[in-house]
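The structure appears right after this line, and notes come after that.
The values are calculated or read from the model by the stated rules, or taken from the named source; none is laboratory data. A quick note: this is a predicted structure, and the numbers were derived from the prediction, not measured. Don't worry about glycine lacking a Cβ; one is built from the backbone with ideal geometry, like all the others, and counts go over all protein chains shown.
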Amino acid sequence: MSDDNRYRVVSNHEDQHSLWFVDRELPAGWADTGFTGSKDACLAHIAEVWTDLTPRSVRDHSEAAPV
């Protein structure tokens, strides 16, 4: 089944990434990253840039914790 839709990569305050239809309004809390393309292209981009799946708040807390 062909998917001719255009998507954009979005991220939230936790640095989590997702894809969203280009022609739809973004949900609250999500920002456009500037990358658009096919579903496969967007998923490949997300796999390339979102290498640490740990939410930002957890990373920030871990970095601030004494060792």
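The figures follow:
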read-out	value
Residue count for the range 23-46, restricted to those that are assigned to a helix (DSSP H, G or I) and either touching a strand residue (DSSP E or B) at 6+ places or on another chain (Cβ under 9 Å) or in contact (Cβ under 8 Å) with a residue 60 or more places away in the chain (or both)	7
Selection within the range 5-22 - in a loop (DSSP other than H, G, I, E, B) and over 13 Å from residue 41 (Cβ atoms)	13, 14, 15, 16
Residue selected from the range 12-22 under the condition free of Cβ contacts under 8 Å to residues at least 24 places away in the same chain and within 11 Å of the chain's Cα centre (by Cα), by the criterion surrounded by the fewest Cβ atoms within 10 Å (Cβ to Cβ)	12
Test: residue in the range 50-57 that is in a loop (DSSP other than H, G, I, E, B) and at positive phi	no
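Every residue, every condition in (1) surrounded by 12 or more Cβ atoms within 10 Å (Cβ to Cβ); (2) within 13 Å of the chain's Cα centre (by Cα); (3) at pLDDT below 95, yes or no:
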residue	(1), (2), (3)
2	no, no, yes
6	yes, no, no
24	no, no, no
27	no, yes, yes
30	yes, yes, no
35	yes, yes, no
46	yes, yes, no
